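These notes are about the structure you will find just below.
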Amino acid sequence: MMNFKGTAPAIITPFTSKGEVDYKALGSLVEYWITGGVDFLVVLGTTGESATLDKQEKKEVFEFVATQVKGRVPVVLGIGGNNTKEIIESLGHFDLSMAQGILSVSPYYNKPTQEGIYAHYSAFAAECPLPIILYNVPGRTGSNVLPSTTLKLAHEVENIVAVKEASGNMEQIMQIIAEKPNGFNVLSGDDAITLPLLACGADGVISVVANSHPREFSNMVKFALAGKFADARELHYPLLKVIEQLFLEGNPGGIKAVMKIKGLCGDNMRLPLVNISEGLYEKIERIVK
């Protein structure tokens, strides 16, 4: 089983001014992330605006990224939803030989019980040939995957190998770290608290800010994993000033603004998402520059 550890950007999907996927920019970004020292890439996550990509676009974006990567780092594919049967069937839409893992968000909107969440992931894992990273993000899904549910899945389902925890609940995440089985990794889903989570024993992060600052954020994580916390703090606090602005008007509006300011790609998005306000853009620009 793949050992997902270190830093992975939840990669953005750049769009042209006409709203089409900007593959030229995406190819350049893949090189930027890899040369920046990230450990793996996550494609078609929330930050990639997967909710507004159609079925064919998702297939093409994933295959483009995996082809561009050329095996240099693992590629994790985002497949999730609130219809268990449908997401199992969606496994057949992709060439899974090009991926090394699946990131799967907990079912959203219909708010299943903990028993339902366990049954959902168990059914999905039984049909999935790749290792799975659970994704708990209550602020988006409307329900929290409790530590007992995460731990039960970690102990009982062989190909569930990690969790991206974006609950923001330090006590909850520490309980998972304390009671997880060997080989099961806990990944931060919140950039701002990644350093304290690493100090508590987390294994890495699936990050938003690593899109724009892959080297700085990856180095911070590497220092922390090596126990060099003084060095990690020197990178953490300057990055925190950027991170604090990224989500004020939604994701990925903030990070796409940073990417534009740094000259990496445009900041076009698809409705219903819109660009951040002029005032916030100017504030982020001052901080970044």
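Each value in this text was obtained by applying a stated rule to the coordinates, not by laboratory testing. In this text the structure is predicted, and so the values were computed from the model without any measurement. Glycine gets a Cβ as well: all are built from the backbone with ideal geometry, and neighbour counts include every protein chain shown.
How many residues are small (Gly, Ala, Ser) and touching a residue at least 60 places away in the same chain (Cβ under 8 Å) when one looks only at region 216-263?
The first filter runs over region 216-263 and keeps only residues small (Gly, Ala, Ser), leaving 218, 224, 226-227, 230, 232, 250, 253-254, 257, 263.
Checking the rest, the ones that are also touching a residue at least 60 places away in the same chain (Cβ under 8 Å) come to 218.
Residues meeting the conditions: 1.
Only one of (1) surrounded by fewer than 21 Cβ atoms within 10 Å (Cβ to Cβ); (2) in contact with a strand residue (DSSP E or B) (Cβ under 7 Å, 6 or more places away or on another chain); (3) under 20 Å from THR7 (Cβ atoms) is not met by ILE132, so which one is it?
Of the numbered conditions (1) surrounded by fewer than 21 Cβ atoms within 10 Å (Cβ to Cβ); (2) in contact with a strand residue (DSSP E or B) (Cβ under 7 Å, 6 or more places away or on another chain); (3) under 20 Å from THR7 (Cβ atoms), the odd one out for ILE132 is (1).
Of all residues in region 209-242, count the ones that are out of contact with any Phe, Trp or Tyr (no Cβ under 8 Å at 6 or more places or on another chain), crowded, with 24+ Cβ neighbours inside 10 Å and either within 18 Å of ILE173 (Cβ to Cβ) or among the hydrophobic types (A, V, I, L, M, F, W, C) (or both).
4
Just to be sure I understand, how many residues within region 180-194 are out of contact with any Ser or Thr (no Cβ under 9 Å at 6 or more places or on another chain) and either assigned to a helix (DSSP H, G or I) or farther than 16 Å from TYR135 by Cα (or both)?
Final tally of qualifying residues: 5.
Can you list residue pairs whose Cβ atoms sit under 8 Å apart, with the first residue in region 150-175 being at positive phi and the second being outside any strand (DSSP E or B)? Count only pairs 6 or more apart in sequence or on different chains.
Every condition considered, the pairs that remain are GLY168/GLY139; GLY168/ASP190; GLY168/ILE193.
(1) in contact with a Ser or Thr (Cβ under 9 Å, 6 or more places away or on another chain); (2) farther than 27 Å from TYR32 by Cα; (3) among the β-branched types (Val, Ile, Thr): which one isn't true of VAL208, the others all being true?
Going through the list (1) in contact with a Ser or Thr (Cβ under 9 Å, 6 or more places away or on another chain); (2) farther than 27 Å from TYR32 by Cα; (3) among the β-branched types (Val, Ile, Thr), VAL208 breaks only (2).
For region 64-171, give me every one of the helices (runs of 4 or more DSSP H) that falls completely inside it and has 3 or more residues that are more than 23 Å from PRO9 (Cβ to Cβ). Working first, answer last.
Details: elements: 84-90, 114-127, 138-141, 147-156.
In region 64-171, the matching helices (runs of 4 or more DSSP H) lie at 84-90, 114-127, 147-156.
Please go through (1) touching a Phe, Trp or Tyr at 6+ places or on another chain (Cβ under 7 Å); (2) closer than 30 Å to LYS152 by Cα for GLY254 and return the number of the only condition it doesn't satisfy.
Condition not satisfied by GLY254: (2).
Out of region 243-254, which residues are part of a helix (DSSP H, G or I) and buried (at least 18 other Cβ atoms within 10 Å of the Cβ)?
ILE243, GLN245, LEU246, GLY253, GLY254
Can you run down the residue pairs with Cβ atoms below 9 Å, 6 or more apart or on separate chains, where the first is in region 76-102 and free of Cβ contacts under 8 Å to residues at least 60 places away in the same chain and exposed (fewer than 15 other Cβ atoms within 10 Å of the Cβ) and the partner is part of a loop (DSSP other than H, G, I, E, B) and among the aliphatic types (A, V, I, L, M)?
Close Cβ pairs satisfying both conditions: HIS93/ILE79.
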